[in-house]
Structure formats: structure tokens, C-alpha cells
Amino acid sequence: ITDLPIDEYHICEQFVHYHKESCKEALSPDEIRESSLDSSYSINDCSTSFRGSELVDWLLEVGLVADRITAVHYGNSLLRGRVIRHSQNRYYFRDSNRTYEFCPGWNSKVVQERC
């Protein structure tokens, strides 16, 4: 993460801090959402995968991006910042049916080292 351009780092930091949990909830399958009603369940307890096109739709819906091309750039920033990854670690982020998942343990402590 330390070699990530500062503007991409800030995208990742802000996404993790303000949007990641609501995005994970919105992109998780219905059966996982229903399980989350159990107070002992945490959305972090399971690894959910999502299609690139689903993340693009969500980014547009919540207003984080203005168009699909910008959403792909945003998704690639999240991928390079290790917030998300391709399910087989093979591809960059695309507005497609390729599947991605959230990486565990993204840590913003690096920002203190960068500033």
C-alpha cells in the first residue's frame, strides 16, 4: 500500500471508513442479509463475492461516481489499494461478471506514515 499514489490511498481510506460496511451489506446475497438479523452474526464473518458490475451499480446508486467509466477507475483504486481483490487474483477491476471480494484487514495506520 505504501507505493499507492496518495489520491488512490485517500479513495481507499475514505471508502473503508465511510462506505465499506454499507457496500458489503448491499452486495451480499439475500440469505446473508437475513442471517445478519441474528445479533451474534457479523457481516465480517463470511467472505461474500460480488460481480464487478454490481459494485459499479452500487457506486452509481450512492453517488460516489458520476458514470460507469469513473466507477471502473474507482474500483481499480480499491483493487490496487487491496480493499478488494479479484476472486482468483487474476484481473484488474472491470464492469463485468467477473467476481471480486473484500480483502480482510485493510488498515489505515499507513496514512500516519505517509503524511
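The values are calculated or read from the model by the stated rules, or taken from the named source; none is laboratory data. Since the structure is predicted, the reported quantities are computational estimates derived from the model, not experimental observations. Every residue, glycine among them, receives a Cβ derived from its backbone with ideal geometry; neighbour counts consider all protein chains shown.
Here are the criteria: (1) at pLDDT below 95; (2) not in a loop (DSSP other than H, G, I, E, B). Tell me which single one Ser39 does not satisfy.
Every listed condition holds for Ser39 apart from (2).
Looking at (1) assigned to a helix (DSSP H, G or I); (2) modelled with pLDDT under 95; (3) of a type outside the set (Asp, Glu); (4) exposed (fewer than 15 other Cβ atoms within 10 Å of the Cβ), can you tell me which one Thr70 breaks?
(2)
Could you grab me the full set of residues in region 46-61 that are modelled with pLDDT of 95 or more and of a type outside the set (A, V, I, L, M, F, W, C)?
Arg51, Gly52, Ser53, Glu54, Asp57, Glu61
On the given criteria, is Tyr91 at pLDDT below 95, touching a Ser or Thr at 6+ places or on another chain (Cβ under 9 Å) and either surrounded by fewer than 16 Cβ atoms within 10 Å (Cβ to Cβ) or closer than 20 Å to Asp3 by Cβ (or both)?
Answer is no for this residue.
Those residues that are of a type outside the set (Ser, Thr, Tyr), surrounded by 12 or more Cβ atoms within 10 Å (Cβ to Cβ), at pLDDT 95 or above and not in a strand (DSSP E or B), I need them from region 94-115; list them, please.
Arg94, Asp95, Arg98
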